[in-house]
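Reading through the structure tokens given below for one structure.
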Amino acid sequence: MAAPGPRTTPEIAIVGAGMSGVLLGIRLREAGIESFTIYEKGEEIGGTWRDNTYPGLACDIPSRFYSYSFAPNPEWTRLYSPGPEIQDYLLKITDRYGMREHIRFGIEIADVRFDEQRERWQITTTSGERTDADLVVCATGLLHHPRYPQIEGLETFAGACFHSARWDHEVPLDGRRIGIIGTGSTGVQLTSDLAYRAGRLDLFARTPQWVFPAPNPEYPRPLRALLQRFAGLNRPGYWFWGRFMKYGIGRAVVEEGPQRRLADRMCRWNLSRVKDPELRAKLTPQDQPMCKRMIVSPRYYDAVQQPCVDVITERIERVEPQGVRTADGVLHELDVLVLATGFDAHAYIKPIELTGPGGRTLDEAWADGVRAYRTVGVAGFPNLFFMLGPHSPVGNQSLIRVAEDQASYIVQWARRIRDGEVLRAAPTQEATDAYNDAMRAQMPQTAWLSGCQSWYLGKDGFPELWPWRPERHEEMLAEPDLSEFDVVAPGR
Ligand code: NA7
């Protein structure tokens, strides 16, 4: 039986209206493709920048570079902007590029399965609505599912208790006894803010982390006005910070060399600023800098030296109605308990059920560990792409830059479908295996396997990050390599 004819108006379903889903919409429209829908389960765009509203929230990438390359933002107030500014920026871009008319808010996708007869994906929402798509893109984000700790008695706490990504703004903070569990980027940013507001702050630090002392200067008003007036002046900032990240930390995390040594020294020097030797010992990590995601903060060590702050490294035994009891028997009485315990970065599209041709599910395909093709495709799953999917995080780089590489790659496939060159295409198993083998061979050069636990590691203990220099990601996604795909043309 001949395959169906060309899909000149390909239906494209994008799941998620965060930074990457909106970006893909903008790029599709630029390519003259308007037949796309972005499904968003929430009531607003923004993904992680919509969900996270905790005090002290900021991006750890310089904002001039944490911007869409085609839409610089003259209004950034600081080198590392606060979270609300980033969400504001994303809202403006969504409106400026007319993306709202493509977004269906409040629609949660439950099931995506390939209909072999019609050679299309069939999508079912949680309310039972069904629709078809020629191309499905999972833009569901990386840091999306809060991870709640398994601590005995957590539910018995009598005060306010919430995850950092589900901040309860009704709860007063000033002058109160606040506990924070977790010392990742979130715990560090929270501490840097709450140390100056709390009556007492107990920081439960199971594993201390290295902190890079990047300053965070304010951009003066006259400069912002100038950048507003002359748009071209924004370009050097993007270029400079892009280079800085690419040749600095972008090298340090994936290879030995002067960048890694410098980052290492900067972190150690930063820690040496903690005067009290006992406190300094508590804050000294056992692993190498950058094994976990490097934390960027100019204020953290000043914050932990505030008289109201207590860094607690004793193991948490349980939570009781009055507070947290540690293994030494001490009860740390609290009014507010914040769980800065991170996210399940390995859920990807879950809880959506995804079933490809032959009834093979994505869970089955990834039973032995996550194996994607060049961060975007999956062998045996045609016309299915990921944005910020497996191995996408390019160590401490701007995920916007990473998403831009992926968006232009996906648009190239969408064009081929629209132009009748392709009906469906999936990466071959052989190409996928070769890519994953090369990645594994490279991993020992990175800093992530130097002996720590982190959200970078997948269930097979293998980091789900990009192990090469950032420019390799751009190169690998510059153009589809057709020899690595099983391609079916229309009508064949
Ligand atoms: P992270 O970086 O995953 O940090 C989570 C923190 O929570 C980390 O310090 C964990 O300690 C701690 N944690 C988790 N569970 C527990 C329990 N049960 N008891 C004590 N401590 C616990 O999440 P973040 O939100 O800070 O940052 C995520 C990313 O967002 C970040 O990397 C940036 O890219 C932006 P552990 O180290 O496991 O001992």
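Of the residues making up region 327-361, those that are touching a strand residue (DSSP E or B) at 6+ places or on another chain (Cβ under 7 Å), surrounded by fewer than 18 Cβ atoms within 10 Å (Cβ to Cβ) and touching a residue at least 24 places away in the same chain (Cβ under 8 Å) number 3. The residue list Glu364, Glu317 contains one member that is surrounded by 15 or more Cβ atoms within 10 Å (Cβ to Cβ), among the acidic types (Asp, Glu) and either touching a strand residue (DSSP E or B) at 6+ places or on another chain (Cβ under 7 Å) or farther than 30 Å from Arg401 by Cβ (or both), which is Glu317. Within region 253-287, restricting attention to residues that are on the phi < 0 side of the Ramachandran plot, surrounded by fewer than 17 Cβ atoms within 10 Å (Cβ to Cβ) and in a loop (DSSP other than H, G, I, E, B), the residue that is nearest to the chain's Cα centre (by Cα) is Glu255. Residue count for region 325-352 satisfying the condition of being under 21 Å from the mean Cα position of the chain (by Cα), charged (D, E, K, R) and away from the ligand (no atom under 16 Å from the Cβ): 1. Scanning region 206-215 for residues that are within 7 Å of the ligand (Cβ to nearest atom) and either touching a helix residue (DSSP H, G or I) at 6+ places or on another chain (Cβ under 7 Å) or among the charged types (D, E, K, R) (or both) yields one hit, Arg206. Of the set (1) aromatic (Phe, Trp, Tyr); (2) more than 24 Å from Ser67 (Cα to Cα); (3) without any contact (Cβ under 8 Å) to a residue 24 or more places away in the chain, all apply to Trp121 but (3).
Of all the listed residues (Ala214, Ala198), the sole one being small (Gly, Ala, Ser) and at pLDDT below 95 is Ala214. If you go through region 271-287 and keep only what is away from the ligand (no atom under 11 Å from the Cβ), of a type outside the set (A, V, I, L, M) and touching a Phe, Trp or Tyr at 6+ places or on another chain (Cβ under 8 Å), you end up with just Arg273. Of the conditions (1) within 12 Å of the ligand (Cβ to nearest atom); (2) farther than 19 Å from Cys161 by Cα, Gly358 fails just one. Which one is it? Going through (1) within 12 Å of the ligand (Cβ to nearest atom); (2) farther than 19 Å from Cys161 by Cα one by one, Gly358 breaks only (1).
I'd like to know if region 377-387 contains one or more residues that are touching a strand residue (DSSP E or B) at 6+ places or on another chain (Cβ under 9 Å) and part of a helix (DSSP H, G or I). No. Can you work out which of the residues in region 465-492 that are within 17 Å of Ile410 (Cβ to Cβ) and among the aliphatic types (A, V, I, L, M) is surrounded by the most Cβ atoms within 10 Å (Cβ to Cβ)? For region 465-492, the residue satisfying everything is Leu477. Name the single residue, out of those in region 440-464 being part of a loop (DSSP other than H, G, I, E, B) and within 11 Å of the ligand (Cβ to nearest atom), that is surrounded by the fewest Cβ atoms within 10 Å (Cβ to Cβ). This residue is Gln453. Only a single item in (1) under 19 Å from His332 (Cα atoms); (2) more than 16 Å from the ligand (Cβ to nearest atom); (3) crowded, with 18+ Cβ neighbours inside 10 Å is not met by Tyr219, and it is number (1). Exactly one of these conditions fails for Arg315: (1) charged (D, E, K, R); (2) under 18 Å from Gly187 (Cβ atoms); (3) free of Cβ contacts under 8 Å to residues at least 60 places away in the same chain. Give me its number. Just one mismatch for Arg315, condition (3).
The values are calculated or read from the model by the stated rules, or taken from the named source; none is laboratory data. A quick note: this is a predicted structure, and the numbers were derived from the prediction, not measured. Cβ sites come from the backbone with ideal geometry, for glycine too, and all protein chains shown count toward neighbours.
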